[in-house]
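The values are calculated or read from the model by the stated rules, or taken from the named source; none is laboratory data. None of these values were measured; they are calculated from a predicted model. Every residue, glycine as well, gets a Cβ built from its backbone with ideal geometry; the counts of neighbours run over all protein chains shown. Please note that ligands, DNA and RNA were not included when accessible areas were found on the heavy atoms of the full protein model with its side chains. Shrake-Rupley method; radii C 1.70, N 1.55, O 1.52, S 1.80 Å.
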Amino acid sequence: MSNKINRRQFIQTAGALSVVGALGTPFLAFSATKKVVVIGGGTGGATAAKYVRMADSGIEVTLIEPNKNYYTCYMSNEVLGGDRNIDSIKFGYDGLSAHGIKVVHDMVTGIDPKSKTIKTKGGQSFNYDRCIVSPGIDFKWEGIEGYDATTAEKIPHAWKAGPQTILLRKQLEAMPDGGTVVIAPPGNPFRCPPGPYERASQICHYLKQHKPKSKVLILDQKGKFSKMGLFKQGWKDLYGYGTDKSMIDWKGKEAEAGVIKVDAANHSVTTAFGDTIKADVINIIPAQKAGKIAFTAGLTNDKGWCPIDLLTFESTVHPGIHVIGDSSIAKGMPKSGYAANSQAKVCAAAVVAMLDGKEPGTPAYTNTCYSIVGKEYGISVAAVYRLAEDHSKIIKVSGGLTATDASAETRRREALFAHSWFNNITKDIFG
């Protein structure tokens, strides 16, 4: 970590702030006349449902999620690298049910903010006093010529973990030694900013062991990316980056390298510069927007994201509905799994306070993001945030990155911390 704050200090500070921000003062249970409905059972939604119920067992909490299992995007790149199987990122909802949460597997088709009623595809209807929506992300398919939801069944994005992750892994296994993998990251903002570059690293990790003559080409429309210096250092240490024998190559905005067209029939992409590149495996990560229910419920702005009050995550469009996670405009925080977990706790505390006729407490937000570059080689960024006095943004108050010149032992520990972090956050959410 940098000398601004060491890891032990960060963990102590973040832990203390998270407890205060998430739970505030103790709440007393009362009769189950108050209802909270949470839509979306991903990281944000599942956390919010659990923490509302933990804060006040008298609140009736319903979680509506169409899928019976959730696959975490975080650590899904290790499935591509071969060090993790798909079942290890798969989680069910029995743990939430054990907390007294009513889990409904159905798809929400509409939210009426006036009557405070939710309708589902299965014909069910739910009333709420407060609604928490965690829509995740959806894709802007119109951004790249020739790439749409149908094409993605052959040329995967794998940006929603699960079947797409399995498909991309199988394609990597089937490609010949000496082949080329093209990865096309999206422009900002998007879910998990370091994700495409960890993915490239993990694919190189697999290829280095099994198909060492192969290469990974990143065609990026951006001029820089999250943890750029740390990733490039890792690529130099592990994959020969910057040499004529490099397994990985990154081309960015200056080279007009962003992909503007996909030719699925010829398995090629065309860049903004006009180059056409054939590849054995193509991974297109489309530009993103808020999940579908956010649009259906009228929670989005003209840029496709959800404006909120950062104190409570309540929508500034529809009072009584709170939006957390990737779809929300949490200005100052990245769109990450840990951020969604942190935001959900802040939101849960605010919702319980508001239902009890109290003012929400002072929130605290945290984020930690680990990336596994290769075998026993981890990097991270961590931060603690506070709310600006005018509520206009979330301000970083402390944190730091793994040092660029960190020792091999530090890199090894970072990888161990990453796996411990994954075990802890998934237990926190689904346990």
Convex hull volume of segment 282-323 per residue (C-alpha atoms, cubic angstrom): 82 Å³
What is the distance, in nm, between label points placed 7 Å from the Cα along the Cα-to-Cβ direction at Thr150 and at Lys90? 3.0 nm
From phi via Karplus (6.51, -1.76, 1.60), per-residue ³J(HN,Hα) for segment 400-406 in Hz, x at Gly/Pro: x, 10, 4, 5, 4, 9, 4
Modelled label-to-label distance, Glu142 and Ser407, 7 Å Cα→beta-carbon offset: nm? 5.5 nm
Could you work out how far helix 7-23 tilts from the main Cα principal axis of the chain, as a 0 to 90 degree angle to the nearest 10? 30 degrees
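What accessible area per residue, rounded to a whole number of Å², is obtained for segment 187-240 using a probe radius of 1.4 Å?
Ligands and nucleic acids excluded, the figure is 36 Å² per residue.
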Histogram of C-alpha separations across segment 337-418, 5 Å bin width, %: 3, 14, 18, 17, 14, 11, 9, 7, 5, 2, 0
Between Ala46, Ala348, Ala55, find the one with the highest GNM mean-square fluctuation for the chain; connect C-alpha pairs within less than 10 Å. Ala55
With no solvent term and unit scatterers on the alpha-carbon positions of segment 290-399, Debye gives log₁₀ I(q)/I(0) at q = 0.14, 0.16, 0.17 Å⁻¹ of -0.59, -0.74, -0.81
If I compute solvent accessible area with a 1.4 Å probe over the protein chains, what percent of it on the chain is carbon and sulfur? 51 percent
For helix 195-210, report the angle its Cα long axis makes with the longest principal axis of the Cα atoms of the chain; keep it between 0 and 90° and round to the nearest 10°. 50 degrees
For a 28 Å ceiling on Cα separation, which of these pairs sit above it: Lys261/Lys393; Lys140/Lys245; Lys68/Lys232; Lys227/Lys345? Lys261/Lys393; Lys140/Lys245; Lys68/Lys232
For segment 278-346, with every protein chain kept in place, what is the accessible area per residue (1.4 Å probe, Å²)? 30 Å²
Of the residues Pro163, Val37, Val79, the Cα lying farthest along the dipole of the chain towards its positive end, which is defined by charges on the beta carbon of Lys, Arg, Asp and Glu, belongs to Val79
Taking amide H atoms as placed 1.01 Å from N in the peptide plane, list the residues 5 or more away in sequence, or in a different chain, whose amide H sits under 5 Å from that of His322. Cys131, Ile132, Val133, Ser315
Gyration tensor verdict on segment 42-146 (Cα atoms; rounded if a/c is under 1.5, prolate if a/b is larger than b/c, oblate otherwise): oblate
When only alpha-carbon atoms count, how far does segment 134-237 stretch along each of its three principal axes, as whole angstroms with the largest first? 37, 32, 27
Expected unfolding gain across Ile166-Lys114 under the 0.36 nm per residue rule, minus the alpha-carbon gap, is 14.5 nm
Assuming 0.36 nm per residue, please report the length gained on full extension of the stretch Gln124 to Asp106 beyond their Cα-Cα distance. 5.6 nm
Integer Hz, Karplus 6.51/-1.76/1.60 couplings in order for segment 102-111, x for Gly and Pro: 7, 9, 10, 8, 7, 10, 6, 10, x, 10
For the chain, what mean projected area does the convex hull of the alpha carbons give, in nm²? 20.3 nm²
Of all DSSP beta bridges in the chain, what percent run antiparallel (nearest 5)? 55 percent
Calculate one ³J(HN,Hα) per residue across segment 286-299 by plugging θ = phi - 60° into the Karplus curve 6.51 cos²θ - 1.76 cosθ + 1.60, and present them in order as whole Hz with x for glycine and proline. x, 4, 10, 8, 5, x, 3, 4, 5, 6, 4, 8, x, 9
Contour minus Cα-Cα distance for Asp302 and Asp275 (0.36 nm per residue): 6.5 nm
Return one number: the angle in degrees, 0 to 90 and rounded to the nearest 10, between the long axis of the Cα atoms of helix 163-174 and the longest principal axis of the Cα atoms of the chain. 10 degrees
Sorted by chain and number, the residues with a modelled amide H under 5 Å from that of Thr109, at a separation of 5 or more or across chains, are Lys119, Thr120, Lys121
